[in-house]
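First the structure, in the form of structure tokens, and then the observations on it.
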Amino acid sequence: LHLPNPFIIGSGPPGTNYAVMKKAFQEGWGGVIAKTVSLDSAKVINVTPRYAKLRAGDGKEVIGWENIELISDRPLEVMLQEFKRLKEEFPDRVLIASIMEEYNKNAWEELVGRCEEVGVDAFELNFSCPHGMPERRMGAAMGQDCDLLTEVSGWVNNVATIPVWAKMTPNVTDIAAPARA
């Protein structure tokens, strides 16, 4: 894994599709972490607008904004075609697949294999997304459970042939335990 420079766009709207990732590479970014993908995008229902007012305890005062955007709602097949095209056009740039799945070994292994087939350079395991479908034990719900982290990270590392790292949730009182896991 060789970065032509240390500037990488993080997973999110700047990695939503081929056009925006291509623009990042054309503008000189060394790498892009694509918007998080999963096997079944039909489970993802994004809303508009994707930011909500964060209100103080009284419910009246606006103290900030919160992102309520979910992972990619585009079909995995489309994203994989775009990953392949980007790597063909920009072989010297680093393309990182941010991936998230339910607690299912076969699903994680399949997602890793399919992304590697199209040439991504590394994986970011999305264990941080606070709105990553916690009812399915995804995202931060998984990232807060050390036993799940250990097991899922093991599944991925047993099949991945490229670098893997975890994007951890800050929604814990002590990051050391999940980081060790």
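The values are calculated or read from the model by the stated rules, or taken from the named source; none is laboratory data. This is a predicted model, so every value here is computed, not measured. All Cβ positions, even for glycine, are placed from backbone atoms using ideal geometry, and neighbour counts span all protein chains on display. Please note that ligands, DNA and RNA were not included when accessible areas were found on the heavy atoms of the full protein model with its side chains. Shrake-Rupley method; radii C 1.70, N 1.55, O 1.52, S 1.80 Å.
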Pairs of lysines 8 or more apart, or on different chains, with alpha carbons under 24 Å: count those in the chain, would you?
19
What Kirkwood Rh does the chain have if only Cα atoms enter the pairwise 1/r average? Answer in Å.
17.0
Take peptides 90-97, 10-17 and line them up by average Cβ neighbours within 10 Å, highest first, as a rough protection proxy.
90-97, 10-17
With labels modelled as points extended 7 Å from the Cα through the Cβ direction, what inter-label distance (nm, one decimal) is found for His2 paired with Lys87?
1.7
So if each residue of separation counts as 0.36 nm, and I subtract the Cα-Cα distance between Ile63 and Val172, what length gain in nm does that give?
37.0 nm
What size of dipole, in debye to the nearest 20, comes out for the chain about its Cα centre when the only charges are +1 on Lys and Arg C-beta atoms and -1 on Asp and Glu C-beta atoms?
440
With only Lys, Arg, Asp and Glu charged, each at its Cβ (+1 for the first two, -1 for the last two), find how big the charge dipole of the range 73-117 is about the Cα centre; round to the nearest 20 debye.
120
So how far, in whole Å, is the C-alpha centre of the range 145-181 from the one of the range 99-120?
15
Expected 222 nm ellipticity per residue - DSSP helices of 4 or more, -39500 (n - 2.57), all of the chain, to 500:
-9500 deg cm²/dmol
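Order the peptides 109-120, 53-64 from the highest to the lowest mean number of other Cβ atoms within 10 Å of their residues.
On the way: 109-120: 18.2, 53-64: 9.0.
The densest-packed peptide leads the list: 109-120, 53-64.
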Could you give the accessible area per residue of the range 87-181, probe 1.4 Å, as a whole number in Å²?
46
If each of Glu117 and Glu27 carries a label point 7 Å out from its Cα toward its Cβ, how far apart are those two points in nm?
3.2
Ignoring any ligand, DNA or RNA, what whole percent of the accessible area of the chain comes from carbon and sulfur when the probe is 1.4 angstrom?
52
Only bridges with both residues in the chain count here: give the DSSP antiparallel percent, nearest 5.
25
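If you take every residue apart from Val164 with its C-beta less than 13 Å away from the C-beta of Val164, what net charge results, scoring Lys and Arg +1 and Asp and Glu -1?
Details: positive: Lys167; negative: Glu109, Glu116, Asp121, Glu124.
Net local charge, Val164 excluded: -3.
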Could you sort the peptides 156-164, 18-26, 121-129 by per-residue average Cβ neighbour count (10 Å cutoff), highest mean leading?
121-129, 18-26, 156-164
